[in-house]
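**Student:** Quick one: structure below, then a few questions.
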Amino acid sequence: MKLEVVVVPVSDVDRAKNFYTALGWRLDADIAPDENFRVVQVTPPGSPASVIFGTSVTNQQPGSAEGLQLVVADIEAAHGELKRLGADPSDVFHDAGGVFHHGGTDARVPGPDPGRNSYGSFLSFDDPDGNGWILQEITTRLPGRVDAATTEFASADDLADAMRRAAAAHGEHEARTGAEDPDWPAWYARYMVNEQAGTELPA
């Protein structure tokens, strides 16, 4: 079972649409079969799950969603990008407990995690209705957290970088074996999938 959609309650659909698309979130759909029902779907860059808001899509009070969580590879870069795009993010923080962030603004310690440990640095921002989003920096996934059967790249540049790393490693592999590998595409594929899953790389 894969998480597909999160529904966010908003009071002004067009305002919410403008806010999220201004952040670079992809507009997937804006469908209004009648004046009492409208569905807008947007997707954060690189996310397999989407966000829906609109008219008559939820009974939640506008602005009541909290703890909606996104992950990024560089929290400082994400802060700069959100600020540039008008999201008014909080300063980067880490939690006093060091495991996950507390609810609200409790136990926030200014600055990223001192050791810049994966999962340890956060920032927050709200949409125009006050729905609360948290960004978490993840650089290395916990063991077993990645589905080894699924490989995804957020952009063509990320895919190209993975291919370059595979090419470099494959060059070392051929140097060790002293022979040209005619099945290099399969070796590249194993390397890239295993690297993303955090499992043992081919030798």
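**Student:** If you average 1/r over all unlike Cα pairs in the chain and invert the result, what Kirkwood radius do you get in angstrom? Could you put the intermediate results ahead of the total?
**Tutor:** Details: mean 1/r = 0.0514 Å⁻¹.
For the chain, inverting the mean 1/r across all distinct Cα pairs yields 19.5 Å.
**Student:** Right, next: May I ask you to work out the translational diffusion coefficient for the range 97-143 at 4 °C, viscosity 1.567 mPa s, via Stokes-Einstein with Rh from the Kirkwood sum over Cα pairs, reported in whole µm²/s?
**Tutor:** In µm²/s, the coefficient rounds to 110.
**Student:** May I pose another question? Just to be sure I understand: if I project the alpha-carbon convex hull of the range 1-79 onto a plane and average over all orientations, what area do I get in nm²?
**Tutor:** Over every viewing direction, the Cα hull of the range 1-79 projects on average to 6.1 nm².
**Student:** Could you sort PHE53, PHE100 by accessible area so the largest value comes first, with the probe set to 1.4 Å? Show your work: numbers first, answer last.
**Tutor:** Working: PHE53 0, PHE100 100 Å².
Descending order: PHE100, PHE53.
**Student:** Taking only C-alpha pairs under 8 Å that are 6+ residues apart, what is the relative contact order of the chain in percent?
**Tutor:** Computed value for the chain: 17 percent relative contact order.
The values are calculated or read from the model by the stated rules, or taken from the named source; none is laboratory data. For clarity, every value in this text was computed on a predicted model and none was experimentally measured. We work out accessible area using only protein heavy atoms, side chains counted, and drop any ligands, DNA or RNA first. Shrake-Rupley method; radii C 1.70, N 1.55, O 1.52, S 1.80 Å.
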